[in-house]
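A.B. asks: Next up is a structure, given as structure tokens.
The values are calculated or read from the model by the stated rules, or taken from the named source; none is laboratory data. This is a predicted model, so every value here is computed, not measured. As a convention, Cβ positions derive from the backbone with ideal geometry for all residues, glycine included, and neighbour counts pool all protein chains shown. Quick note on the areas: whole protein, heavy atoms, side chains included, nothing else; ligands and nucleic acids left out. Shrake-Rupley method; radii C 1.70, N 1.55, O 1.52, S 1.80 Å.
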Amino acid sequence: MLVIRDAAALRAATQGWKNQGERIALVPTMGYLHAGHLALVARARELAPRVIATIFVNPTQFAPHEDLGRYPRDEAGDIAKLEAAGCDLLFAPDVATVYPPGFATRITMAGPAEGLEGTHRPQMFGGVALVCTRLFGLCAADVAVFGEKDWQQVMVVRQVARDLALPLTIETVPTIRAEDGLALSSRNAYLDAEARQRATVLHAALQHAATRLRAGAGAEEACSEAEARLSEAGFRQVDYVALRRAEDFAQMARLEAPGRLLGAAWLGQVRLIDNILV
Ligand code: AMP
């Protein structure tokens, strides 16, 4: 696997592949890789003969009080995992490579970026749209692979790709979970043993709400019940539990079409998110 940090070397590698008619699948990440990320790499390998993974902890999507500075890192471990997964190239740029001096573009997102994560982390989706657009261009990607774990992010990236007519397709992979249901996340590394046990309640509460919705309960009722379960289980703060229509992320008062139940809550200083299809 090639490990590349600068844009010119990346361009040389992608040009070589393109000249041979080889398509490129991209897996953007913030590193500290786990089996969820590696499932994206496996999907990318099915989609194109060349796979690029990126590791970049993107400062434009973090607010000043968030965990940018302490985001977990293990580049040597990540390289070994990507190599074993059959990735062709790791692009691990520094901030000045992604946002060189004089970089002046910003993206403001509406539509699926509004509400939920967009309310609680107003900085995030503009930053995600910006870094993804930049990485798609730098990596000359024909297809990019994202995890359903970050469902609202998938909706935002699809929107920006469509709105800016970016010449690539967006593919998704279902959420990979631990045996007890907790969605794998780099941020799980922040959880101590007790919090790690409590964390399973997030997925369980969403599943319970899904059962209630299928039985005819209204979204408000089912979601407030789930929020109460989380508080009872020791979550310090519940940012939201919400039902959205799967197709277009519109709000639904009850389950009248395939939906996504999404939740975000804090265990101590750790913010967890999850979502399920319902
Ligand atoms: P991150 O490194 O957290 O920015 O995530 C990089 C990509 O991996 C995003 O597309 C995530 O949605 C995806 N991802 C993270 N965790 C999981 C998981 N448990 N299952 C599937 N995809 C995931």
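A.B. asks: Considering only protein heavy atoms, what is the solvent-accessible area of ARG244 at a probe of 1.4 Å, reported in Å² to the nearest 10?
C.D. replies: Spelled out: ARG244, probe radius 1.4 Å, area about 20 Å².
A.B. asks: Please sort 102-111, 142-151 by packing, taking for each peptide the average over its residues of neighbouring beta carbons within 10 angstrom, highest first.
C.D. replies: On the way: 102-111: 11.3, 142-151: 22.3.
So the order, starting with the most tightly packed, is 142-151, 102-111.
A.B. asks: Still on this structure, please answer the following. Using only C-alpha atoms and all pairs of different ones, pull out the Kirkwood radius for the stretch 193-272 in Å with one decimal. Mind showing how you got there, number by number?
C.D. replies: Values: mean 1/r = 0.0789 Å⁻¹.
After inverting the pairwise mean of 1/r, the radius is 12.7 Å.
A.B. asks: Next question, about the same structure. Along the Cα→Cβ direction, 7 angstrom out, place labels at ALA104 and ALA178. What is the inter-label distance in nm?
C.D. replies: The answer from the label model is 4.8 nm.
A.B. asks: Same structure again: Please list, in order, the residues from the stretch 235-253 whose amide nitrogen is less than 17 Å from a point placed 7 Å along the Cα→Cβ vector of SER224.
C.D. replies: 238-243, 252-253
A.B. asks: Right, next: Roughly what % antiparallel, to the nearest 5, for the DSSP beta bridges in the chain? All intermediate terms of the calculation are to be shown ahead of the outcome.
C.D. replies: Working: 18 of 37 bridges.
The answer is about 50 percent antiparallel.
A.B. asks: Write down the radius of gyration of the stretch 20-67 and its Dmax, each obtained from C-alpha positions, in Å.
C.D. replies: In Å, with Rg to one decimal and Dmax whole: 13.5, 46.
A.B. asks: Heavy-atom accessible area of VAL98 with all protein chains present, probe 1.4 Å, nearest 10 Å²?
C.D. replies: Result for VAL98: roughly 0 Å² accessible.
A.B. asks: Order ILE4, ILE176 by their accessible area, 1.4 angstrom probe, all chains in place, largest first.
C.D. replies: Values: ILE4 20, ILE176 60 Å².
Result, largest first: ILE176, ILE4.
A.B. asks: Given a Förster radius of 30 Å and the C-beta distance between ALA257 and GLN197 as r, what FRET efficiency does 1/(1 + (r/R0)^6) yield to the nearest 0.05?
C.D. replies: Numbers: r = 35 Å, r/R0 = 1.17.
FRET efficiency, ALA257 to GLN197: 0.30.
A.B. asks: If you average the C-alpha positions of the stretch 188-214 and of the stretch 1-61 separately, how far apart do those two centres end up, in angstrom?
C.D. replies: Centre-to-centre distance over Cα atoms comes out at 31 Å.
A.B. asks: Search the structure for amide H atoms under 5 Å from the amide H of MET30, placed 1.01 Å from N in the peptide plane, and list their residues when 5 or more places away or on another chain.
C.D. replies: So MET30 has HN proximity to PHE56.
A.B. asks: From the mean inverse distance of alpha carbon pairs (Kirkwood) and the Cα radius of gyration, derive Rg over Rh for the stretch 162-237. Walk me through the intermediate numbers first.
C.D. replies: Details: Rg = 16.4 Å, Rh = 14.7 Å.
Computed over Cα atoms, the ratio is 1.11.
A.B. asks: Which peptide among 116-127, 206-217 comes first, and what is the full order, when sorted by highest mean count of other Cβ atoms within 10 Å?
C.D. replies: Numbers: 116-127: 18.6, 206-217: 16.7.
Taking the mean over residues of other Cβ atoms within 10 Å, the ranking is 116-127, 206-217.
A.B. asks: Leaving out ligands, DNA and RNA, and with a 1.4 Å probe, what % of the accessible surface on the stretch 186-277 is carbon or sulfur?
C.D. replies: On the way: 2030 of 4320 Å².
Carbon-and-sulfur percentage of accessible area, whole number: 47.
A.B. asks: Okay, moving on. In 10 Å bins starting at 0, how do the alpha-carbon pair distances of the stretch 2-173 split up by percent?
C.D. replies: Whole-percent P(r) values from 0 Å outward: 10, 39, 40, 11, 0.
A.B. asks: From the phi angles alone, apply the Karplus equation (6.51, -1.76, 1.60; θ = phi - 60°) to the stretch 219-230 and give each ³J(HN,Hα) in whole Hz, x where the residue is Gly or Pro.
C.D. replies: Here the 3J(HN,Hα) series is 5, 4, 5, 4, 6, 5, 4, 5, 4, 5, 4, 5 Hz.
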